[in-house]
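> Quick one: the structure is below, and I'll ask about it shortly.
The values are calculated or read from the model by the stated rules, or taken from the named source; none is laboratory data. This is a predicted model, so every value here is computed, not measured. Quick reminder, even Gly has a Cβ in these numbers, built from the backbone with ideal geometry, and neighbours come from all protein chains shown.
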Amino acid sequence: MTSLKILKSVEEYNALIEGSQNTAVLAFLSKNSTRSMEAELILTRLAEQSGTPIWGVNISETREIHPLLAVNQVPTVVTIRNGALIKKVVGLQNEGTYRKLLGHAPRLREDGTEAAPLRVTVYTTRTCPHCTTVKNHLKRKGVPFKEVDVSRDAQAASKLQRRTGQTGVPQTDINGTFVLGANIPQINKLIGI
């Protein structure tokens, strides 16, 4: 398992946030904190699965970055865009919370270039086994998604049918492109796997 990319100075931090129009994800951790180490394991796994770069800051060694963002507890994960703090999550969180946070961050393609953040919605029903297959696949790959149960939301079902001409589920909307059924190869292609 690879670890997070570590920022070791305020100069590296400034270069990161000044050189990018995209969202940067920073995890403030301490090697002396069990909760930090748990968060680091979750974040490392999600970074590997999603291709989203996450930068780590060990506040025990690098003390000048966390005051810039009013971070006074570890673990804390922040997203920054154009130098401005967008979101801050304090304390150890579950994988789902971190996954949602990463949903707004850039992903890296295989060639190292940045891809747009994914917007994924899975249209489901409670009794659909193929819906569960799609949701579990996205979770394993660290892809955040919104679920809409069309059996409980008639308006969403009607809107979905107007958009796609289909009534079956699952239907997965990936950045505006719909995949009908549990077509994992097509989903992988659209999410960049």
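> Just the residues that are in contact with a strand residue (DSSP E or B) (Cβ under 7 Å, 6 or more places away or on another chain) and surrounded by 13 or more Cβ atoms within 10 Å (Cβ to Cβ), please, taken from the range 118-133.
Result: 118, 120, 121, 122, 123, 124, 125, 131.
> A follow-up question, please. Can you give me the number of residues within the range 13-64 that are closer than 20 Å to residue 85 by Cα and over 15 Å from the mean Cα position of the chain (by Cα)?
Qualifying residue count, the range 13-64: 18.
> Another one. Please go through the range 158-176 and pick out each residue that is more than 21 Å from residue 136 (Cα to Cα) and without any contact (Cβ under 8 Å) to a residue 24 or more places away in the chain.
158, 159, 161, 162, 163, 164, 165, 166, 167
> Condition check: more than 26 Å from residue 188 (Cα to Cα), among the β-branched types (Val, Ile, Thr) and in a loop (DSSP other than H, G, I, E, B). Does residue 52 satisfy that?
No.
> From the list 24, 15, which residue is under 30 Å from residue 188 (Cα atoms) and modelled with pLDDT under 95?
24
> Of the residues that sit in the range 36-46 and are without any contact (Cβ under 8 Å) to a residue 60 or more places away in the chain and in contact with a strand residue (DSSP E or B) (Cβ under 9 Å, 6 or more places away or on another chain), which one is nearest to residue 101 (Cα to Cα)?
Ranking the candidates gives 43 first.
> Mind checking which residues of the range 134-193 are at pLDDT below 95, surrounded by 20 or more Cβ atoms within 10 Å (Cβ to Cβ) and touching a His at 6+ places or on another chain (Cβ under 9 Å)?
Selection gives 143, 144, 187.
> Which pairs do you get when a residue that is in the same structural domain as residue 143 (by TED's automatic domain parsing) and at negative phi, found in the range 177-193, comes within reach of a residue that is among the small types (Gly, Ala, Ser) and assigned to a loop (DSSP other than H, G, I, E, B), reach meaning Cβ atoms under 8 angstrom, with the pair 6+ apart or on two chains?
The qualifying pairs are 180/168.
> Which number in (1) at pLDDT 90 or above; (2) hydrophobic (A, V, I, L, M, F, W, C); (3) part of a helix (DSSP H, G or I) marks the one condition that residue 92 misses?
For residue 92, the failing item is (3).
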